[in-house]
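Each remark here refers to the structure printed beneath this line.
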Amino acid sequence: MIIKSLEVANFRKFRDPLRIDGFTDGFNVVVEANETGKSTLLEALRAAFFIRHSAKTELVRSYVPIGDDVAPRVAVEFTLRGQSWSLEKQFMKTTSVRLTGNGGRRESDAAEEALQELLGFERGNNRGSDPENRGPLGMLWVEQMSALAVESPNRIVRDTVRGVLEAEVGAVTGGRRFDAIRNSVETAYGALRTPATGKSRGELGAAEARLSSTATARQQAEAAFREYEQALNDLDGAKARLRIVERDLADPETGEQRRRLESDQKLAETASLRLATAEAQHGRAEELAKTAVARVERLGAAEERVAKAKEGVAKSRSGAEKAQAAVDTAVGEEKQRRAALDEARKARERREADLKEARGRMRAFSTAAGERRAIDARNALGELEERERALEADAALAVEATALAKVRGLEREEVSALARFEAGAVKVDIELAGGAELRIDGAPSVASSVDVVSATRFEIGSAGSIVVRPPQASGRSVEADLVAAREHLAASLRALGIESHSAGVARNERAAAAERELVALRAQISAACPGDPTIGLAPGADALRAFVAGLGETRADITAPDDDLDAHEAAVTDARLAEAAATSTHDESRTALSKAENALATVSADLTAATRELDAAEANLRTVLDDADRASLESALGELQRDRTAKLELLEQARAGARAFDLDAIKRRLDNIARATARAGEERLELTGRIASLEATVAREGTTGPAGRVAVAKEEELAANSALSRLRQEADTLEVLRKALADAASDASRTFLAPVTRRAARYVERLLPGCDLSFNEELGLAGVSRAGVDESCGGLSRGTQEQLAILTRLAFADLLLEDGKPISLILDDPLVYSDDERLETMTDILQEASQRMQVILLTCRSKAFRHVDGNRITLR
């Protein structure tokens, strides 16, 4: 199949009609920039061949340009098997289709059906064209990004290729007859089990459900029979237990035991009360004795505290006397060293005063000398400043460049206006004799020469008149332009103060020279005024002028002083060292005095604290005695201890009486008897109800024949199990047959797919040397093998997947071409992930393929396909 031309109108971005001619039967390359409509052209071809003209799907509505209400139209001219054909389609509004060729013309549905038969594709669903129904061209017209993943060919291509391979290989497996056998087995197996998971369904599922229900019924019958027998046994047991409970409730020994325990409980409670009373009395006596012991101990502690306080007062008083003596000694030393420090300080001040006076005399001399130098520098500065003012005046005369450029432009305008005036004016020279009167346009005139720019009347007395008419009609405007140009130029020159543009240039040159000299002069002035920190003179001419102006009259010369500053500074240094030594000695004496005073303060505080402690100890002793002496306290303590011993003996007697009875054990035994009696009564009520319920159950179940129901349920379960075994055997047999057919198909697939693999390997060997291919049952490329390593297509790089996808399409195209099917290869922006070497290999393969079929390549990469030898087509 060879596409000759394509025309689109009102199709997406192509609002205006676009016709592309010049397609050849070889390699065609369309190189255009992004968004110029290359992919839209491929979509238009798909619409023309595969989308019915009457479709109203979302895809067809997308053909209409955005914002327009028009009818998309596509027209294609192509040849197939040596015959020329023309196809025209219009969508959405006034839909139509016309197929012309083979000596006839078809329209509407007849044209669509003829097109399907001609190109070998099937009608799509209501949503549009299904890729599975597009046939060989649907596989070979590859849109953008579609070749990035290796996919199986569509159903029509698979069926066509299988038919070709059956004829070429002669194998059953992998062909249509094998598919028919395999489909019948799959259908029979699918009626019993799901092919994917092997889960039972259909008759097999019903048989399994029947077996499950019969087994459940049998289990329920057996459970009912067991319940009937259990009810009989439970009834006998309940009656026996009821007799035992009633006998226990009527036992007289239990009542006698309860009465004995109640009597013992009263005796035990009385003994417990006596014990509590004895414990309380003993506890009170114990507390009184402890209080007396504590009071005697407090008395001893108070007496000991008084003795220690007296000892502390005596010790603190002795320490205070020693600390006072140390303070007196430190005060004397501090006074002596303070006097020495005062003498050293006075000596240092005398030495510093002498040094200050000597420095003052030296400073006065230096100041006078600096002022003399400043006066001399100011006198020299006057000449330089006078020259600076002259240069500044010259520099100020500079004319701005923009203003000078404006003057230049105005002079050019004046020259241009003068040239226009002279070109259009007539010069009239006048000579009058004998006092004749001249009037020009009615006005008296004595001019000897007049420039006439418009029709002008010259009257010479009463002799007559002459009218002069220049050759141009625009003389007045030219004259006005000349006057305006001259006035504008004169005003600009007056404003700038120059006579002409050249005079302004000369003035600027003088100003520039003055500026350059002024820079050098100012540098000289700055060097002549360096400043003098010794007299407070800052750098600069202004500072120098101000300083000299403040001096007043000229300074006289001053004689240099003869002071020895080094000797004065050495004497000051020695005096400062002596003062520092005296200061350190005095500081040490003050520190010693401070320590002595701190020690005195500490021992004084200790003495005060010891005195206060003695007062507090004596007060505490008086409080403890409280009008009683030690003898009376010890006597009271002995009496309380004897009373505590008597109360302890009474407590032991009460404890012995209480140990004779265990009140808690008696209460527990009474509680147990009460709980046992209550539980026996509850059990009697429970057993009575239980017996009545069991008697009702036995009476009800005995009339339905539980044993007979069990036998019937077992027979139904056996029948269901037999039917299920038969169906399972049938399903297992079909599963074995499925596996055998699958194994046979797998064994024959290599032989069946050998022609496809051989054709694809011819291309792949050039791209990936030493690489083996494997195809699945859907004729899709499953994987590759390199160096003994198997790789799935999904694990390959995007670039390799795209290259293999194109090469496998070429292999199928060769196979279909041999069978006479319509073949045309269109690739939209292919090989985007290919490196330079593989890109060159792939283009070589495509160029070779273009010798057998038409190849159209749509791309935006001019440089990548510049080396390709093919027919170049533009969209303009």
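The values are calculated or read from the model by the stated rules, or taken from the named source; none is laboratory data. Every value quoted in this text rests on a predicted model; they were computed, and no experiment measured them. Backbone-built Cβ (ideal geometry, glycine too); neighbour counts: all protein chains shown.
Structure data summary
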| quantity | calculated |
| --- | --- |
| Boolean, residue 18 is under 17 Å from residue 114 (Cβ atoms) and surrounded by fewer than 20 Cβ atoms within 10 Å (Cβ to Cβ) | no |
| Selection status of residue 234, modelled with pLDDT under 75 and either under 25 Å from residue 669 (Cα atoms) or in contact with a helix residue (DSSP H, G or I) (Cβ under 7 Å, 6 or more places away or on another chain) (or both) | no |
| Tabulated pairs, segment 244-259, first more than 14 Å from residue 674 (Cα to Cα), second of a type outside the set (Lys, Arg), C-beta under 8 angstrom, 6+ apart or interchain | 245/680; 245/683; 245/687 |
| Segment 260-283, subset free of Cβ contacts under 8 Å to residues at least 60 places away in the same chain and of a type in the set (D, E, K, R), residue farthest from residue 651 (Cα to Cα) | 260 |
| Residue in segment 205-226 that is outside any helix (DSSP H, G or I) and among the hydrophobic types (A, V, I, L, M, F, W, C) present | no |
| Residue list for segment 179-201, filter: in a helix (DSSP H, G or I) and either modelled with pLDDT of 85 or more or charged (D, E, K, R) (or both) | 179, 182, 186 |
| Of the criteria (1) farther than 29 Å from residue 412 by Cα; (2) at pLDDT below 75, which one residue 451 fails | (1) |
| Among residues of segment 800-817, those that are under 12 Å from residue 767 (Cβ atoms) and charged (D, E, K, R), counted | 1 |
| Close pairs (8 angstrom Cβ cut-off, 6 or more residues apart or separate chains): of a type in the set (A, V, I, L, M, F, W, C) in segment 392-406, surrounded by 17 or more Cβ atoms within 10 Å (Cβ to Cβ) and outside any helix (DSSP H, G or I) anywhere | 399/498 |
| Residue among 422, 352 that is more than 60 Å from the chain's Cα centre (by Cα), modelled with pLDDT of 70 or more and not in a loop (DSSP other than H, G, I, E, B) | 352 |
| Considering residues of segment 461-519 that are farther than 19 Å from residue 415 by Cβ, hydrophobic (A, V, I, L, M, F, W, C) and outside any helix (DSSP H, G or I) only, the residue modelled with the lowest pLDDT | 473 |
| Selected residue (criterion: surrounded by the most Cβ atoms within 10 Å (Cβ to Cβ)) from residues of segment 280-324 that are among the basic types (Lys, Arg) and more than 26 Å from residue 639 (Cα to Cα) | 305 |
| Residue check, residue 809 among the basic types (Lys, Arg) and either at positive phi or surrounded by fewer than 19 Cβ atoms within 10 Å (Cβ to Cβ) (or both) | no |
| Hits in segment 344-400 - residues which are touching a strand residue (DSSP E or B) at 6+ places or on another chain (Cβ under 8 Å) and among the hydrophobic types (A, V, I, L, M, F, W, C) | 374 |
| Residue match in segment 377-394 (condition: of a type in the set (Lys, Arg), at pLDDT below 75 and surrounded by 16 or more Cβ atoms within 10 Å (Cβ to Cβ)) | yes |
| Which numbered condition residue 785 misses (of (1) more than 30 Å from residue 193 (Cβ to Cβ); (2) at pLDDT 75 or above; (3) small (Gly, Ala, Ser); (4) in contact with a helix residue (DSSP H, G or I) (Cβ under 8 Å, 6 or more places away or on another chain)) | (4) |
| Among the residues listed as 612, 669, the single one being surrounded by 13 or more Cβ atoms within 10 Å (Cβ to Cβ), part of a helix (DSSP H, G or I) and modelled with pLDDT of 75 or more | 669 |
| Unmet requirement for residue 74, which otherwise passes all of (1) modelled with pLDDT under 90; (2) more than 42 Å from the chain's Cα centre (by Cα) | (1) |
| One residue from 456, 367 being within 30 Å of residue 535 (Cβ to Cβ), modelled with pLDDT of 70 or more and hydroxyl-bearing (Ser, Thr, Tyr) | 367 |
| Single match in 60, 31, 8 (criterion: in contact (Cβ under 8 Å) with a residue 40 or more places away in the chain and farther than 17 Å from residue 858 by Cα) | 60 |
| Residue 658 vs. criteria at pLDDT below 70 and in contact with a Ser or Thr (Cβ under 9 Å, 6 or more places away or on another chain) | yes |
| Selection count, segment 818-833, where residues are surrounded by fewer than 21 Cβ atoms within 10 Å (Cβ to Cβ) and within 41 Å of the chain's Cα centre (by Cα) | 3 |
| Residue check for residue 407: buried (at least 16 other Cβ atoms within 10 Å of the Cβ), farther than 30 Å from residue 565 by Cα and either at pLDDT 75 or above or under 60 Å from the mean Cα position of the chain (by Cα) (or both) | yes |
